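A short write-up of the structure that comes next.
The numbers here are math on the coordinates, done by the rules we state, and not lab data. The shown structure was predicted, so the numbers you read here are calculated from the model rather than taken from an experiment. We place every Cβ from the backbone using ideal geometry, glycine too, and count neighbours over all the protein chains shown.
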Amino acid sequence: MEALFNVIPLLLITFAVYAAIVLLRRSRQVSDAWSRGITTQARCVRSYTTTSGGRDSTVRTTLHHVYEFTTRDGRVVRFDEEGGPSTTVEGDIVTVHYLPERPERATAKAPAHGKLAASTCGAMLFLAVFIGFAVFIMIAWNSDGSMP
């Protein structure tokens, strides 16, 4: 039983660290595309929604768009991006930002460095608190064998 109170928090910490790495990597990719990338026109070829949750939890709906564009060297690239504007529909032309060496990591989001930094910092703060709580549980359980 004692191992359970060490293993579960360690798994939660591992999950939170992985989520932080993914979050920071995508944030850096978007920021690089905005600041160092080039722009081109892309067509929205599909939009769809995904849902998660249900039963006892809140249902969350996420809007996705699939964009297609041609790079300067003639390659046709198609990418999926979530969280775009609901006013973009199939057939619309949008501006995308991408790095020439990684066009599949393009973004159709308009440059907003402050908004990106704020959302990244907020998510990182949440993950830090989450990790701190897991560490607290481990310390509290191992201090005298009882939960507070």
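Laid out as a table, the results:
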item	result
Matching residues, the stretch 88-127, being among the polar types (S, T, N, Q) and outside any loop (DSSP other than H, G, I, E, B)	THR95, THR107, SER119, THR120
Per-region count, the stretch 92-148, residues of a type in the set (Lys, Arg) and surrounded by fewer than 16 Cβ atoms within 10 Å (Cβ to Cβ)	2
Subset of the stretch 53-87 [surrounded by fewer than 10 Cβ atoms within 10 Å (Cβ to Cβ), assigned to a loop (DSSP other than H, G, I, E, B) and either in contact (Cβ under 8 Å) with a residue 60 or more places away in the chain or within 22 Å of the chain's Cα centre (by Cα) (or both)]	GLY54, SER57, THR58, VAL59, GLY83, SER86, THR87
Any chance VAL22 is out of contact with any Ser or Thr (no Cβ under 9 Å at 6 or more places or on another chain) and among the hydrophobic types (A, V, I, L, M, F, W, C)	yes
Scope the stretch 126-136; condition without any contact (Cβ under 8 Å) to a residue 24 or more places away in the chain, under 12 Å from ALA19 (Cα atoms) and among the aliphatic types (A, V, I, L, M); matching residues	ALA128
Residue in the stretch 1-51 that is nearest to the chain's Cα centre (by Cα), counting only those that are among the basic types (Lys, Arg) and part of a helix (DSSP H, G or I)	ARG26
